[in-house]
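Chemist: Dropping a structure here in structure tokens format, bear with me for questions.
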Amino acid sequence: MSLTDASRVKARLCEHIGFLVRVVGERSFRLPQNLERAGAYVGEVLRDSGLTVHREGYPCGKLETANWVARLEGSAPERRHFLLGAHYDTVTGCPGADDNASAVAVLLETARWLRDIPGLEDTVSFVAFALEEPPFFGTRSMGSRVHAERLRRGEERLDGMLCLEMVGYTCGVPGCQGYPPLVKPLLGSRARDVGDYIAIVGSTESAGLSREVTRAFRSNPDLPVLKLNIPFRGRLIPQVRQSDHSAFWDLGYSAVMITDTAYYRNPHYHRATDGMETLDFDFMARLVESLVRFFSGYGREEPKL
């Protein structure tokens, strides 16, 4: 990514997050009009990128909500199908800059950049999920669970789901980076005590996808990466299941979570202080580049804009 490209990506990331955080604000189930406005914005940006967008509506009690879905068809005869997903809701009382406007913005910019790459071989779906946050997490009303079940009922091929979960916060003070129980011993000497990296969390059942994503990401020298695979779809360490990828794991799909490690790094998690002024836009722009490297060739060659 050139300096000019990076500057443009950062400006658009800032625009997306600014709208979600400062214009819309809290996007919880208690404010359904805000939730709908945020989803509609995602759909509009994806349309402006030249993609066909589908509002995947579904009821949740008295609430009518929706996932927003777009698809970029690959050109290869034996193309695979990947899904890049992020939830756009927040907890009550939180503007949700890192959780999860950062991830939505990265999704939108990855879609825009990929749309401009000729000859993309694999098909990529982009899905903004509703209702990931409590009290819906782990229920059948969770947007990612709704979408995964529809894919399963339709017997649609899906070769891998990449979940973006809080991807905008970094910290550089030694000791600012924490870990769930058992994770630091598993990482050993690879564990870092500063939060300057992106984590790729997979299950042993998704080890192939995790390996491919990590290989592509490591071709970008500007973004450090840590990879971790947990057995039994992550159930040995429940903290690694806390996002939309777990809905896909539970239905037998390969999936990874891409994250800044949430509350193990970010002290503003689920607080009113989770504002966009806390975010690292250079870090997010580098993540966009790493995602494009994966989707456009798994790090084998530099993507050209």
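Chemist: Given the structure, is Leu114 in contact (Cβ under 8 Å) with a residue 40 or more places away in the chain, within 19 Å of Asp48 (Cβ to Cβ), in contact with a helix residue (DSSP H, G or I) (Cβ under 7 Å, 6 or more places away or on another chain) and not in a loop (DSSP other than H, G, I, E, B)? Steps first, answer last, please.
Modeler: Values: in contact (Cβ under 8 Å) with a residue 40 or more places away in the chain: yes; within 19 Å of Asp48 (Cβ to Cβ): yes; in contact with a helix residue (DSSP H, G or I) (Cβ under 7 Å, 6 or more places away or on another chain): yes; not in a loop (DSSP other than H, G, I, E, B): yes.
Here the answer is yes, as Leu114 does meet what is asked.
Chemist: Would you check which residues across the range 251-271 are open to solvent by 10 Å² or more (accessible area, probe 1.4 Å), on the phi < 0 side of the Ramachandran plot and outside any loop (DSSP other than H, G, I, E, B) and list them?
Modeler: Selection gives Met257, Tyr263, Tyr264.
Chemist: Continuing with this model, one more query. Looking only at the range 71-95, count how many residues are over 21 Å from Ser246 (Cα atoms) and touching a helix residue (DSSP H, G or I) at 6+ places or on another chain (Cβ under 8 Å).
Modeler: 2
Chemist: As an exercise: evaluate Asp274 against (1) of a type in the set (D, E, K, R); (2) surrounded by 23 or more Cβ atoms within 10 Å (Cβ to Cβ); (3) touching a strand residue (DSSP E or B) at 6+ places or on another chain (Cβ under 9 Å) and give the number of the one condition it does not meet.
Modeler: Every listed condition holds for Asp274 apart from (3).
Chemist: Any residue that is open to solvent by less than 50 Å² (accessible area, probe 1.4 Å) and free of Cβ contacts under 8 Å to residues at least 12 places away in the same chain - is there at least one of those in the range 239-250?
Modeler: Yes, there is a match, as at least one residue in the range 239-250 is open to solvent by less than 50 Å² (accessible area, probe 1.4 Å) and free of Cβ contacts under 8 Å to residues at least 12 places away in the same chain.
Chemist: OK, next. Would you say Val53 is more than 16 Å from the chain's Cα centre (by Cα), open to solvent by less than 50 Å² (accessible area, probe 1.4 Å) and on the phi < 0 side of the Ramachandran plot? Talk me through it step by step, then tell me what you get.
Modeler: On the way: more than 16 Å from the chain's Cα centre (by Cα): yes; open to solvent by less than 50 Å² (accessible area, probe 1.4 Å): yes; on the phi < 0 side of the Ramachandran plot: yes.
So Val53 passes the test.
Chemist: Determine whether the range 35-48 contains at least one residue that is over 18 Å from the mean Cα position of the chain (by Cα), open to solvent by 20 Å² or more (accessible area, probe 1.4 Å), of a type in the set (Ser, Thr, Tyr) and under 17 Å from Ala105 (Cβ atoms).
Modeler: For the range 35-48, residues over 18 Å from the mean Cα position of the chain (by Cα), open to solvent by 20 Å² or more (accessible area, probe 1.4 Å), of a type in the set (Ser, Thr, Tyr) and under 17 Å from Ala105 (Cβ atoms): absent.
The values are calculated or read from the model by the stated rules, or taken from the named source; none is laboratory data. Just so you know, these numbers come straight off a predicted model, no measurement behind them. Neighbour counts run over all protein chains shown; Cβ positions are idealised from the backbone, glycine included. Note: accessible area is taken over every heavy atom of the protein model, side chains too, but ligands, DNA and RNA are not part of it. Shrake-Rupley method; radii C 1.70, N 1.55, O 1.52, S 1.80 Å.
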